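Visitor: Before I ask anything, here is the structure I am working with.
Each reported figure results from applying straightforward, stated rules to the coordinates on display, with no laboratory input. Here the structure is a predicted model, which is why all the values come from computation and not from measurement. Because the Cβ atoms are built from the backbone with ideal geometry, glycine has one as well, and the counts that use them run over all protein chains shown.
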Amino acid sequence: MEKIPITAHGFDRLQAELKQLKSVERPAVIKAIAEAREHGDLSENAEYHAARDRQSFIEGRVAELEDVISRSEVIDPKKLSGETVTFGVTVGVADEDTDEETTYTIVGPYEADISKGLISTASPIARALIGKRVGDSAEVAAPRGAKSLEILSIRIQ
């Protein structure tokens, strides 16, 4: 059983989502199914089918979250040295061709959100950056060709 790296914040978010699904969403969909059944013929009852679809989604997500939570390994980045790029650090980089600066935080796959600058350890950018130090260059295989990034800063949040 492979462990999944995750930050404490990400772990708390997953647990909160699981609690929400089990204590609020699941009872609500059960109630909606019961109400739809009272309307009679189920074969042509759109409310019933929609509620069953929602129930299927909820049960699938509950199973997924329970699996991820059971395999999660909470890693505290503050216990790491901060001299090299590792899980949980925020790294400032500059594209060596355009000098465009970007900041990424390296997180687990269930926390990644590129719009917030959170990239998964499995992403090409993170794989290229991990193990590097400030001043090092990293070659990233990108869809539009290789990019060269210079590491400007490493911060532990």
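Visitor: Given the options THR86, THR102, THR121, which has the most mean-square fluctuation in a GNM of the chain, springs set between C-alpha atoms less than 10 angstrom apart?
Guide: Result for the chain, Cα springs under 10 Å: THR102 fluctuates most.
Visitor: With n ≥ 4 as the cut-off for DSSP H runs, can you work out [θ] at 222 nm for the chain, using -39500 (n - 2.57) per run divided by the number of residues, rounded to the nearest 500? Could the numbers behind the result be given before it?
Guide: Numbers: 4 runs with 57 residues, N = 157.
After summing the helix terms and dividing by the residues of the chain, the value is -12000 deg cm²/dmol.
Visitor: Charges only on Cβ, +1 for Lys and Arg, -1 for Asp and Glu: so what's the dipole of the chain about the Cα centre, in debye to the nearest 20? Display every interim value, and only then the final one.
Guide: Values: 20 positive and 28 negative charges, 108 e Å.
Using only the charged Cβ atoms, the result is roughly 520 debye.
Visitor: D for the chain, whole µm²/s, Stokes-Einstein with Kirkwood Rh over alpha-carbon pairs at 10 °C and 1.306 mPa s: what number? Walk me through the numbers before you get to the answer.
Guide: Values: Rh = 18.3 Å.
Result for D is 87 µm²/s.
Visitor: Same structure again: When the chain is fully extended, how far beyond the present Cα-Cα distance does ILE130 get from LYS31, taking 0.36 nm per residue of separation?
Guide: Details: separation 99, 0.36 × 99 = 35.64 nm, distance 4.84 nm.
Here the answer is 30.8 nm.
Visitor: Cα centroids of the range 88-135 and the range 21-85: how far apart, whole angstrom?
Guide: 30
Visitor: Principal axis lengths of the range 4-74 from Cα atoms, whole Å, largest first?
Guide: In descending order, the Cα extents are 49, 17, 13 Å.
Visitor: List, in the order given, every pair from LYS78/LYS132; LYS19/LYS132; LYS3/LYS116; LYS3/LYS78; LYS78/LYS116; LYS22/LYS78 whose Cα-Cα distance in the structure shown is over 29 Å. Don't jump to the answer; show the numbers that get you there.
Guide: Values: LYS78/LYS132 18 Å; LYS19/LYS132 38 Å; LYS3/LYS116 24 Å; LYS3/LYS78 20 Å; LYS78/LYS116 21 Å; LYS22/LYS78 32 Å.
In this structure, LYS19/LYS132; LYS22/LYS78 exceed 29 Å between Cα atoms.
Visitor: Using only C-alpha positions, report the orientation-averaged shadow area of the convex hull of the range 77-156, nm², one decimal.
Guide: Numbers: hull surface 19.6 nm².
Orientation-averaged projected area of the Cα hull: 4.9 nm².
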